[in-house]
1. Consider B:TYR85 carefully, then state whether it is hydroxyl-bearing (Ser, Thr, Tyr), buried (at least 22 other Cβ atoms within 10 Å of the Cβ) and either farther than 19 Å from A:ALA48 by Cα or within 15 Å of the chain's Cα centre (by Cα) (or both).
2. Looking at B:GLN84 and the list (1) more than 7 Å from chain A (Cβ to nearest Cβ); (2) closer than 24 Å to A:ILE7 by Cβ, which single condition is not satisfied?
3. B:ASN24 - would you say it is at the interface with another protein chain (Cβ under 7 Å from one of its Cβ atoms) and within 25 Å of A:PHE108 (Cα to Cα)?
4. Before we move on, is B:VAL73 in contact with a helix residue (DSSP H, G or I) (Cβ under 8 Å, 6 or more places away or on another chain) and under 26 Å from A:ALA168 (Cβ atoms)?
5. State which residue is farthest from the other protein chains (Cβ to nearest Cβ) when the search covers only region A:45-59 and only residues that are within 14 Å of the chain's Cα centre (by Cα) and surrounded by 17 or more Cβ atoms within 10 Å (Cβ to Cβ).
6. Could you list, in sequence order, all residues of region B:13-25 that are buried (at least 23 other Cβ atoms within 10 Å of the Cβ) and hydrophobic (A, V, I, L, M, F, W, C)?
7. Could you figure out which of (1) over 16 Å from A:LEU71 (Cα atoms); (2) under 14 Å from the mean Cα position of the chain (by Cα) isn't true of B:GLY31?
Amino acid sequence: MTAIFYILAGIMLAAACYVAVSRDIARAVFCFFGVLFAMAGLYIFALADFVAVTQILVYAGGVVVLMIFALMLTDKQLLENIRRGESSGPRLFRARALPSILLALAVFAVLLQVITAVDWGNMAWRHEAVAAGNRITGHENMVENVGVNLMTRYLLPFEVISVFLLAALIGAAYLARGRTNN
Amino acid sequence: MSHFLIVGAALFSIGLYTVFSRKNAILVLIGIEFMLNAAILNLVAFGRYDRIDNEGQVFAIFAIVLAAATVAVALAIIINVYKQYKTIDPDKIKDMKY
């Protein structure tokens, strides 16, 4: 089981690195698709199956398609490189990317420091959750529980976010419409 | 537990690098999505210890919806910028008003 976790994490991080360094934008977007699928797998390993399905539906089904459409509308040379079969491999190191590499590594070092400094096995809330039987073991029907919680305990955020989503989509449609000359 | 957090931290750093180094607004947006996904992975990893209330998982779903709304609006803005400037390189877009 843990081997599959590491394989998924490796696929995810490799695809993310390819997105970060690739010169071919179309391939980068398809690798983004792969990252999102591997992320859904990792969510399943965290025993959050409903979140994983939502991730595939919303991200892989909606966001990636939107991105490909926007790419086709903005970048005329998008598919030319693939069609010509040009070798446009990623350039791993560019001098002007050095500050961003340093910044990303510094942030990663700080995060890693925090993660390794904390003793996650002995946190008080963790012992409380395990003692109260509040830990997900993988044998429960979590989708039902999430659905009931969404409609009772988290009803206000749910309604707020639905109105917000409607407003955002109307705003996006308004922004993206053709400008009428009158 | 810490494995999820390390993977999330690595993805966050890659997203940060993507945001700062790419010269295409859509790839910058993808970098932001990486960072959001890293945050969602942390929410889900901690949500494992909340079987009754599901706080982590429910707010992970809300974060996914927020990210989708962000992408829709941001792509509409990018398309408008392209119509105006014929480029979506963030370094070449100098003035905001037109």
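The values are calculated or read from the model by the stated rules, or taken from the named source; none is laboratory data. What you see is a predicted model, and the numbers here were worked out from it, not measured in a lab. Here Cβ is always computed from backbone atoms with ideal geometry, including for glycine, and neighbour counts include all displayed protein chains.
1. no
2. (2)
3. yes
4. Values: in contact with a helix residue (DSSP H, G or I) (Cβ under 8 Å, 6 or more places away or on another chain): yes; under 26 Å from A:ALA168 (Cβ atoms): yes.
Judged against the criteria, B:VAL73 is a match.
5. The selected residue is A:ALA52.
6. From region B:13-25, those buried (at least 23 other Cβ atoms within 10 Å of the Cβ) are B:13-18, B:22; that's our starting set.
Hits for region B:13-25 are B:ILE14, B:LEU16.
7. (1)
Listed here are the residues, each with its yes/no results for (1) surrounded by 12 or more Cβ atoms within 10 Å (Cβ to Cβ); (2) at pLDDT below 85; (3) within 22 Å of the chain's Cα centre (by Cα); (4) more than 10 Å from chain B (Cβ to nearest Cβ).
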residue: A:VAL64; (1), (2), (3), (4): yes, no, yes, no
residue: A:ASP75; (1), (2), (3), (4): yes, yes, no, no
residue: A:ALA95; (1), (2), (3), (4): no, yes, no, yes
residue: A:ALA104; (1), (2), (3), (4): yes, no, yes, no
